[in-house]
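Report on one structure; see the data block that follows.
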Amino acid sequence: MGKKDREERVKERESYVEKHQKQKMKYKLVALGVFGGIIAVLAISSYNFYELSTTVTPAGVPPGAGPLGGIHTHAGLLTMIYGQIFDYSTPAYQIKSPYISFQKNNGETLHMLATNVTMGYLFKSLHIGLTDKCFIFPDKRQFCSDSKYTLKFYVNHQQVSGILNYVFKDSDRILISFGNENQTQINDQLARVDSFKLIT
């Protein structure tokens, strides 16, 4: 065997060892990455469990609400702006809070899954501004009572001054109406919300 052959074999061995070491390093880095990911997931899960299991109120819980899942009640809600239905069935308004929400691409049935959750909390979760005088779209368009048009609220056909602090009861029918409707038109809107088949 010549000197040249020996040198080539040494180079091949060195190349093999170097390649093998690089491969081992690659596997180690992949294993470290996977291990790091598992640690991160465990840390986040542990933190979330701690937040939910401590006596401190978790972020996003409605003030005064009972435990999540303690009840499951339903109500019908219809919002009419200038005689047009405000559509809560779009993704922008579906399940924005686990405590009170629209679900299943339905914009007529409200679901409440804890006691003492107000209608005000619902609209806050939907990023809709609501006062006793104004209904404010998420894009900031405002519909406020003035000399020509009024914002009106009805719960089970009874007109009320506002619903922000209202906690609905099972099978309630709620109407929010903005415009200059006469009583006949309001009755038609009330009949419409009465006709809603509540989904569970």
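The values are calculated or read from the model by the stated rules, or taken from the named source; none is laboratory data. These figures come from a predicted structure and were not determined experimentally. We place every Cβ from the backbone using ideal geometry, glycine too, and count neighbours over all the protein chains shown.
For region 73-84, indicate whether the set of residues that are farther than 18 Å from Lys152 by Cβ and either surrounded by 17 or more Cβ atoms within 10 Å (Cβ to Cβ) or touching a residue at least 24 places away in the same chain (Cβ under 8 Å) (or both) is non-empty. Yes, region 73-84 has at least one match. Which of the residues spanning region 142-157 are assigned to a strand (DSSP E or B) and without any contact (Cβ under 8 Å) to a residue 60 or more places away in the chain? The answer is Gln142, Cys144, Thr150, Leu151, Lys152, Phe153, Tyr154, Val155. Is there a residue being buried (at least 16 other Cβ atoms within 10 Å of the Cβ) and hydroxyl-bearing (Ser, Thr, Tyr) anywhere in region 120-142? Among the residues of region 120-142, at least one is buried (at least 16 other Cβ atoms within 10 Å of the Cβ) and hydroxyl-bearing (Ser, Thr, Tyr), which makes the answer yes.
In region 109-133, the residues that are more than 17 Å from Gly60 (Cβ to Cβ) reach residues that are in a helix (DSSP H, G or I) with C-beta atoms within less than 6 angstrom, at least six apart or across chains, in these pairs: Leu130/Phe123.
Assigned to a loop (DSSP other than H, G, I, E, B), touching a residue at least 12 places away in the same chain (Cβ under 8 Å) and surrounded by 19 or more Cβ atoms within 10 Å (Cβ to Cβ) - does that describe any residue in region 178-196? Checked against the condition, which is being assigned to a loop (DSSP other than H, G, I, E, B), touching a residue at least 12 places away in the same chain (Cβ under 8 Å) and surrounded by 19 or more Cβ atoms within 10 Å (Cβ to Cβ), region 178-196 yields no hits at all.
State whether one or more residues within region 129-140 are closer than 15 Å to Leu78 by Cα, modelled with pLDDT of 95 or more, in contact with a helix residue (DSSP H, G or I) (Cβ under 7 Å, 6 or more places away or on another chain) and in a loop (DSSP other than H, G, I, E, B). No, there is no match, as no residue in region 129-140 is closer than 15 Å to Leu78 by Cα, modelled with pLDDT of 95 or more, in contact with a helix residue (DSSP H, G or I) (Cβ under 7 Å, 6 or more places away or on another chain) and in a loop (DSSP other than H, G, I, E, B).
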